[in-house]
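Following: one structure in structure tokens, then a few remarks.
The values are calculated or read from the model by the stated rules, or taken from the named source; none is laboratory data. Computed from a predicted structure; not experimentally measured. Don't worry about glycine lacking a Cβ; one is built from the backbone with ideal geometry, like all the others, and counts go over all protein chains shown.
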Amino acid sequence: MKLTRVTKKGNRSFYIEFLAMTLLPLIVCGIVMMTVCSRSVRDSMTVEAKDNLKNVALSVLAAYDHAYPGEYDAKLDGEAIRLYKGDALISEEYDMIDSIAEKSSLEISIFYYDTRLITTLRDASEERMIKSVASEKLVDEVFRNKMSKFYDNVDIGGGKYYAYYEPIISAFSGECVGMIGVAKPVDELRSNINRSVNTNLVVMVLAIAITSVFIMMFANNLVRVVKFMLDFMKKLADNKLDAKLDARVVQREDELGEMGRNLNSLQIALRRLIERDVLTGLFNRRSAEKRIDQIEESGVKYCVAIGDIDHFKKFNDTFGHECGDVVLREVAHLLNAGMNGRDGFVARWGGEEFLLVYENCDIEKARGALMEIRQALHDKDVEYNGQIHKVTMTFGAAEKEPGIAINHLIRKADDKLYEGKQGGRDRVII
């Protein structure tokens, strides 16, 4: 059954998804924080303004009580209303209230009942706004209820103010005889609030922007690593088992590095599974043919030999296939050991046949190497179920000559092997 390769967007979709999972929560969190922070700053500065207005109002009240003992009283003098405190006429004395207003940068008014008789407020013609009457709401909430009150958007002479009003309670009768009002223009306070909020917003936006840059850099690095692994896996899927995984992946100390190292282990396992014979661990026939092609392309001189275990069938028929497997493994180990120090390789060619390839070697040197292996086999005892078995092999070898195709060279070595078998086995024929 043919498998259909499924292609996905891969790194691009992963990159977008990663950014969506990191940047969007960051931006949303930043917006929430900016909203909460802005409201908190406004609330905080409003409370601070209220406390400031209250403190100034109480200070004005205390200052007049200290400077002018006695009760507040108003007297009509023609069209003028004169405000007294005790015996002192205070409605024409502005030094104290102007001084406090200048130091606090606030507007201050003193009401007798509902009428403003002393004030730092001025109208469009720069006249003090005396004799102006407080609104019915203000009179009701402060004067009649004898309760202090803060307003964050009160209209005074056509302008909007933050204002705090403190009732003046008569020590003699306990009745409210007037009010102290302290006010600050809304635009001025809101300008300070907006300046503070904007500063915080700029700081937060910069923090989010810088964090986003770092996140995108991290995402790019992460996606690049994932792409390295994806490309590597594609090469493995295309049977390019000699592919190399970028060293930057396996050098990482995190989970991606561990995945990269596991991919390298998987590559080794795949190569062994595809290139190696499962029973003997030698190269299989397919891998051997590929390696011979590579040697042929390199142009070096080489020889090939085909070796066959003599009377192998008797091991399977007499002692069982498990015994035959033991013999095959022992012979494979000995053949591989005989290649040590020499250029070339050993492969299981099929059944009990083995292929030996000697690089940079002429036929006489190959014959000498094969004779050493033959002698090693004579000296080798193969044990199975407590019994000792002797194993011999017959080898046929041929040297690569110009103009001879690889399959003809192997057939020539196989013909020599057949000649050795017919000649009595346990020999090397070249």
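Worth pointing out:
- Residue in the stretch 263-271 that is within 18 Å of F14 (Cα to Cα) and among the hydrophobic types (A, V, I, L, M, F, W, C) present: no
- Residues considered: L241, L263, L256. Of these, the only one that is over 28 Å from the mean Cα position of the chain (by Cα) and either surrounded by 13 or more Cβ atoms within 10 Å (Cβ to Cβ) or among the charged types (D, E, K, R) (or both) is L241.
- Conditions (1) crowded, with 19+ Cβ neighbours inside 10 Å; (2) of a type in the set (G, A, S); (3) in contact with a helix residue (DSSP H, G or I) (Cβ under 6 Å, 6 or more places away or on another chain); number of the one not met by A134: (3)
- Note on the stretch 297-325: among residues that are of a type in the set (A, V, I, L, M, F, W, C) and modelled with pLDDT of 95 or more, the one that is nearest to L279 (Cα to Cα) is I309.
- Counted residues, the stretch 142-177 - those being without any contact (Cβ under 8 Å) to a residue 12 or more places away in the chain and either buried (at least 17 other Cβ atoms within 10 Å of the Cβ) or at positive phi (or both): 2
- Residue, nearest to the chain's Cα centre (by Cα), within the stretch 289-317, restricted to residues that are β-branched (V, I, T) and either part of a loop (DSSP other than H, G, I, E, B) or over 17 Å from H408 (Cα atoms) (or both): V300
- Failed criterion for N192 (all others in (1) at pLDDT below 90; (2) part of a strand (DSSP E or B) hold): (2)
- Filter pass, I193 being among the β-branched types (V, I, T), in contact with a Lys or Arg (Cβ under 8 Å, 6 or more places away or on another chain) and not assigned by TED's automatic domain parsing to the domain that holds D73: yes
- Listing of strands (runs of 3 or more DSSP E) fully contained in the stretch 318-413 that carry 3 or more residues being touching a residue at least 40 places away in the same chain (Cβ under 8 Å) and of a type outside the set (A, V, I, L, M): 344-350, 353-359, 393-399
- Residues that are more than 16 Å from N407 (Cα to Cα), among the small types (G, A, S) and buried (at least 19 other Cβ atoms within 10 Å of the Cβ), drawn from the stretch 292-320: G307
- Between A57, A88, the distinction of being modelled with pLDDT of 90 or more, farther than 21 Å from S148 by Cβ and out of contact with any Cys (no Cβ under 7 Å at 6 or more places or on another chain) belongs to A88 only.
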